[in-house]
Amino acid sequence: DLGTYPFHMLKEIDEQPVVMRRLLAAYTDENGTVNLSAELTQALAAADRLYFVAAGTSYHASLVGAALMEEYAHMPASAYLASEFGYHQPLLAGKPMFVFLTQSGETADIRQVLVKVKAQGFPTLTITNVPTSTLAREADYALNLHAGPEIAVASTKAYTAQVATTALVAKALGVAKHVQAAADWNLAHELGLIAATQQTLVDAKDTVHELAKSALATTRNAFYIGRGLDYYVALEAALKLKEISYVQAEGFAAGELKHGTIALIENGTPVIALISDPVTAAHTRANATEAAARGAHVLRIATRSLAEPGDDLVIDDLNPSLAPLALIVPCQLLAYYASLDRGYDVDRPRNLAKSVTVE
Ligand code: M6R
């Protein structure tokens, strides 16, 4: 039911704070302890490397999820594209465990990996929005994303649910492994703050719409830049823009700009700089300035303590490790308005299906 919304995508963007709170209710108790089954926690702890395997937006969430596993659970982890992994399996660790992030639970590229690694006897976990899906049923363990039905082809609330759920798993695993960083991490509190921050961002629609009008109205291409987790958000932001507005968009590591891509910058080329990491903020800013010097139309989105006068959007401060949960929201809205203003069917972009059940 769309209610007063013109498109499901906008409704689903708006639902993200509610999804954060739903995940907290589902996975944490009043002390902030994360409740995973003992069997799942033990299986994860018994692994010596986690392999996230996913596609599209879920792959972008996996990149963040793998980073969270390393930081808070001291568990080596990496993310792979399912369509590549299935045919070019890397040399595996001694005790691998596979984590499949998938909104639909029906993605064929992922299923073929699941079938192959199960045949090799490795443990598997599916994290999905559809608990009755094929991938949920066929994996050893399954976790629910609790995002509620996602109708728009462009994934929004499933992405933030995936990042938040992998954070919850990282916390539980880290605590089980007696990692100090996990014990000290008040994740439940931080996710509550993030829900509030997401709310301020969805309430800033008019501001983001103006930014979309100024930078993206007629452009044929666009670039998103960031470093670390901001880079992973840049990848997802670019996918959002291209799939619903048909603008050729690229997300890339800001430091790579000068290694080739800067040649594409012309007068007015949109470059959206994402700045939420104190360690790299100055470098990303310098890269944005280099682009501006070549004529780029630069938009800067920064967290408050890293913000500078003239930035286009300022986001409440938050744990940089969870920044994607907030940073992606204005990027989703930029893509939404770019598509809307071009008169496209935002929910049903050309050539795309909601769930991709062929390889
Ligand atoms: O259902 P899944 O999460 O496995 O789907 C993976 C991709 O097909 C999906 O994320 C796709 O990239 C979305 N259209 C992105 O918005």
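The values are calculated or read from the model by the stated rules, or taken from the named source; none is laboratory data. In this text, all values refer to a predicted model and were calculated from it rather than measured experimentally. All Cβ positions, even for glycine, are placed from backbone atoms using ideal geometry, and neighbour counts span all protein chains on display.
List the strands (runs of 3 or more DSSP E) that sit entirely inside the stretch 90-167 and contain at least 1 residues that are within 12 Å of the ligand (Cβ to nearest atom).
96-102, 124-128
In the stretch 54-89, how many residues are farther than 25 Å from residue 328 by Cβ and either within 16 Å of the ligand (Cβ to nearest atom) or in contact (Cβ under 8 Å) with a residue 40 or more places away in the chain (or both)?
Matching residues across the stretch 54-89 total 2.
Of all residues in the stretch 267-286, which are surrounded by fewer than 24 Cβ atoms within 10 Å (Cβ to Cβ) and either of a type in the set (A, V, I, L, M) or in contact (Cβ under 8 Å) with a residue 24 or more places away in the chain (or both)?
The answer is 267, 268, 269, 277, 278, 279, 280, 281, 282, 283, 286.
Are any of the residues in the stretch 169-182 part of a loop (DSSP other than H, G, I, E, B) and closer than 24 Å to residue 303 by Cβ?
Within the stretch 169-182, not a single residue is part of a loop (DSSP other than H, G, I, E, B) and closer than 24 Å to residue 303 by Cβ.
Could you tell me whether residue 261 is at pLDDT below 95 and either surrounded by 24 or more Cβ atoms within 10 Å (Cβ to Cβ) or not aromatic (Phe, Trp, Tyr) (or both)?
Here the answer is yes, as residue 261 does meet what is asked.
Would the stretch 305-320 turn up any residue that is touching a residue at least 12 places away in the same chain (Cβ under 8 Å), more than 16 Å from the ligand (Cβ to nearest atom), farther than 23 Å from residue 62 by Cα and in a helix (DSSP H, G or I)?
Yes, that holds for at least one residue.
Filter the stretch 329-359 down to the residues that are of a type in the set (A, V, I, L, M, F, W, C) and out of contact with any strand residue (DSSP E or B) (no Cβ under 9 Å at 6 or more places or on another chain), then identify the one that is farthest from the ligand (Cβ to nearest atom).
So, considering only residues that are of a type in the set (A, V, I, L, M, F, W, C) and out of contact with any strand residue (DSSP E or B) (no Cβ under 9 Å at 6 or more places or on another chain), the one farthest from the ligand (Cβ to nearest atom) is 340.
Six or more apart or on different chains, Cβ under 9 Å: which pairs go from a residue in the stretch 142-162 that's at positive phi to one that's near the ligand (Cβ under 9 Å from one of its atoms)? Could you list them?
Note: pairs meeting the criteria are 146/129; 148/129.
On the given criteria, is residue 253 surrounded by fewer than 21 Cβ atoms within 10 Å (Cβ to Cβ), in contact (Cβ under 8 Å) with a residue 12 or more places away in the chain and either closer than 26 Å to residue 158 by Cβ or within 16 Å of the ligand (Cβ to nearest atom) (or both)?
Judged against the criteria, residue 253 is a match.
Answer with yes or no whether residue 353 is surrounded by fewer than 17 Cβ atoms within 10 Å (Cβ to Cβ), small (Gly, Ala, Ser) and either out of contact with any Leu (no Cβ under 8 Å at 6 or more places or on another chain) or outside any helix (DSSP H, G or I) (or both).
yes
Residues that are within 21 Å of the chain's Cα centre (by Cα), within 13 Å of the ligand (Cβ to nearest atom) and not polar (S, T, N, Q): does the stretch 33-53 have at least one?
Yes, there is a match, as at least one residue in the stretch 33-53 is within 21 Å of the chain's Cα centre (by Cα), within 13 Å of the ligand (Cβ to nearest atom) and not polar (S, T, N, Q).
Name the residue, out of 29, 48, 1, 14, that is surrounded by fewer than 21 Cβ atoms within 10 Å (Cβ to Cβ) and within 15 Å of residue 160 (Cα to Cα).
14
Pairs, please: C-beta under 7 Å, at least 6 apart or cross-chain, first residue within 12 Å of residue 321 (Cβ to Cβ) and in the stretch 170-191, second acidic (Asp, Glu)?
181/71
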